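Engineer: My structure is below; once you've seen it, I'll send some questions.
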Amino acid sequence: MDEVKRLIDDIRKGNIKPIYFLMGDEGYYIDRIAEFIGNNVLSEEEKGFNQMTLYGKDVSIDDIVSNAKRYPMMSERQVIIVKEAQHLSRTIEQLATYAANPQPSTVLVICYKYKKLDKRKKLHKVLKAPNGVLFESKKLYENQVSDWIRKVLKSKGFSISHKASILLVEFLGTDLSRIHNELEKLELVLPKNTEITPDIIEKHIGISKDYNNFELKKAIGEKDVMKATRIITYFSQNPKDNPFVVTVSLLHTFFSQLLQYHGLHDHSKRNVASALRINPYFVDEFQIAARNYSMKKSSRAISSLRELDLKGKGVGSSNVAQSDLLKELLVKIM
């Protein structure tokens, strides 16, 4: 993310602001920026007296301001990192008075995850002044995460096959912190310059390269009944690793996008990828699935998936085995 790189480069150059207000839906960048500030603004000797971490659920705005106004001891600066500041959402506007005139020798870092400030209110406005940095960490779309994985691995001397990156996204979703943790595990066991493949992911992370929702979706799109049956049999035998609700959700998204595909006038790879917000790698899948499932059949599949989702949650029935739900899913869709 270019904005993160610029922010970190500024800190490296010594252009350090008194307040960093880090907000937004993607916790990964908030954690990385706060961690970088915590590791790099003060020396190890200075940290003992001049660096502290507070938690939003344990402190008030008055506590934060009181600590922020304190002078550093035998150091040019002090660093205060407030984690989980979203717990202060009801009183966060009280920080505006301090933010308008912050202590120059304090670096105050507010980690305001999964929330955003009201742009109409004073705190948002004063943080945009030269004294502060207001950073919004936005969630990546699913079709952007594979590229993010490749860039992260490249920066650390690794590469990854396209199918392997798709597997990670299918299994881990768009939670960058969770993906980053799994990538770190791979970095510890693999030599530099290794290309990460589906086999490596299966061995070290435990995601089956053949029996996963990605392959099930593909088999259903291709109307490959035998392959789809093998996958749901594996899911039935390993229900904890393959929750029914995740499978239904992914297939619901797939058929919803297939409806969108049918409604497009331009079926070129570039336009489909843009309109459906998918990786271009998946466009061929939609082209094949569109030949097997008309708009009417796609709508019927969505209706069946909604019904099965409710049944899987115990609505209208109880104690239905996952294996039976999966078999019903195949019969109704294919």
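Engineer: Confirm whether V248 is surrounded by 14 or more Cβ atoms within 10 Å (Cβ to Cβ), free of Cβ contacts under 8 Å to residues at least 24 places away in the same chain and in the same structural domain as Q287 (by TED's automatic domain parsing).
Structural biologist: It is false that V248 is surrounded by 14 or more Cβ atoms within 10 Å (Cβ to Cβ), free of Cβ contacts under 8 Å to residues at least 24 places away in the same chain and in the same structural domain as Q287 (by TED's automatic domain parsing).
Engineer: Here's a follow-up. Just one of the numbered conditions (1) in a helix (DSSP H, G or I); (2) surrounded by 18 or more Cβ atoms within 10 Å (Cβ to Cβ); (3) within 28 Å of the chain's Cα centre (by Cα) is not true of N39; which one?
Structural biologist: For N39, the failing item is (2).
Engineer: On to the next question. Does region 278-286 contain at least one residue that is in contact with a Phe, Trp or Tyr (Cβ under 9 Å, 6 or more places away or on another chain) and modelled with pLDDT of 95 or more?
Structural biologist: Checked against the condition, which is being in contact with a Phe, Trp or Tyr (Cβ under 9 Å, 6 or more places away or on another chain) and modelled with pLDDT of 95 or more, region 278-286 yields at least one hit.
Engineer: On to the next question. Would you point out which residue out of V126, V133, V225 is surrounded by fewer than 18 Cβ atoms within 10 Å (Cβ to Cβ) and of a type in the set (A, V, I, L, M, F, W, C)?
Structural biologist: Of the residues listed, the single one that is surrounded by fewer than 18 Cβ atoms within 10 Å (Cβ to Cβ) and of a type in the set (A, V, I, L, M, F, W, C) is V225.
Engineer: Please go through region 106-122 and pick out each residue that is free of Cβ contacts under 8 Å to residues at least 40 places away in the same chain and of a type outside the set (K, R).
Structural biologist: Once the filter is applied, which keeps residues that are free of Cβ contacts under 8 Å to residues at least 40 places away in the same chain and of a type outside the set (K, R), region 106-122 yields only D118.
Rundown of residues vs (1) at pLDDT below 95; (2) closer than 17 Å to V331 by Cα; (3) in contact with a helix residue (DSSP H, G or I) (Cβ under 7 Å, 6 or more places away or on another chain); (4) not aliphatic (A, V, I, L, M), yes/no style:
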{"residue": "I220", "(1), (2), (3), (4)": "no, yes, yes, no"}
{"residue": "I232", "(1), (2), (3), (4)": "yes, yes, yes, no"}
{"residue": "N242", "(1), (2), (3), (4)": "yes, no, yes, yes"}
{"residue": "V248", "(1), (2), (3), (4)": "yes, yes, yes, no"}
{"residue": "H262", "(1), (2), (3), (4)": "no, no, yes, yes"}
{"residue": "K269", "(1), (2), (3), (4)": "yes, no, yes, yes"}
{"residue": "A275", "(1), (2), (3), (4)": "yes, no, yes, no"}
{"residue": "A290", "(1), (2), (3), (4)": "no, no, yes, no"}
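Engineer: Right, here's the next one. Please verify whether D118 is among the charged types (D, E, K, R) and either under 20 Å from G27 (Cα atoms) or in the same structural domain as L176 (by TED's automatic domain parsing) (or both), treating the condition exactly as stated.
Structural biologist: yes
Engineer: Out of curiosity, is E26 crowded, with 17+ Cβ neighbours inside 10 Å, more than 30 Å from G173 (Cβ to Cβ) and among the charged types (D, E, K, R)?
Structural biologist: When the stated conditions are applied, E26 does not pass them.
Engineer: Quick check on region 77-87. Is at least one of its residues part of a loop (DSSP other than H, G, I, E, B) and not assigned by TED's automatic domain parsing to the domain that holds V283?
Structural biologist: Yes, region 77-87 has at least one match.
Engineer: Going by what's in this entry, would R306 be described as surrounded by fewer than 16 Cβ atoms within 10 Å (Cβ to Cβ), under 16 Å from I220 (Cα atoms), of a type in the set (K, R) and not assigned by TED's automatic domain parsing to the domain that holds A164?
Structural biologist: no
Engineer: Being among the hydrophobic types (A, V, I, L, M, F, W, C) and surrounded by fewer than 18 Cβ atoms within 10 Å (Cβ to Cβ) is the filter; apply it to region 1-23 and report the residue that is nearest to the chain's Cα centre (by Cα).
Structural biologist: Among those residues, the one meeting the criterion is M1.
Engineer: Pick out the one residue from F255, F235 that is under 15 Å from S304 (Cβ atoms) and of a type in the set (A, V, I, L, M, F, W, C).
Structural biologist: Checking each option against the conditions leaves just F255.
Engineer: Next question. Taking into account only those residues within region 261-281 that are surrounded by 15 or more Cβ atoms within 10 Å (Cβ to Cβ) and either β-branched (V, I, T) or in contact (Cβ under 8 Å) with a residue 60 or more places away in the chain (or both), which is nearest to D147 (Cα to Cα)?
Structural biologist: N279
Engineer: Within region 151-198, restricting attention to residues that are of a type in the set (D, E) and under 23 Å from K139 (Cβ atoms), which residue is nearest to the chain's Cα centre (by Cα)?
Structural biologist: Per the stated criteria, the residue is D175.
Engineer: Here's something else I'd like to know. Given the structure, is R70 in a loop (DSSP other than H, G, I, E, B), of a type outside the set (S, T, N, Q) and either free of Cβ contacts under 8 Å to residues at least 40 places away in the same chain or within 30 Å of Y141 (Cβ to Cβ) (or both)?
Structural biologist: Spelling it out, R70 is indeed in a loop (DSSP other than H, G, I, E, B), of a type outside the set (S, T, N, Q) and either free of Cβ contacts under 8 Å to residues at least 40 places away in the same chain or within 30 Å of Y141 (Cβ to Cβ) (or both).
Engineer: Also: Filter region 185-207 down to residues that are modelled with pLDDT of 90 or more and in a loop (DSSP other than H, G, I, E, B), then give me how many there are.
Structural biologist: Going through region 185-207 one residue at a time, the tally reaches 6.
Engineer: Here is a further query. Scanning for something part of a helix (DSSP H, G or I), hydroxyl-bearing (S, T, Y), assigned by TED's automatic domain parsing to the domain that holds I110 and modelled with pLDDT of 95 or more, does region 50-65 turn up at least one residue?
Structural biologist: Within region 50-65, not a single residue is part of a helix (DSSP H, G or I), hydroxyl-bearing (S, T, Y), assigned by TED's automatic domain parsing to the domain that holds I110 and modelled with pLDDT of 95 or more.
The values are calculated or read from the model by the stated rules, or taken from the named source; none is laboratory data. Quick caveat: nothing in here was measured; it's all calculated off a predicted structure. Ideal geometry is used to build each Cβ from the backbone, glycine not excepted, and the neighbour counts take in all protein chains shown.
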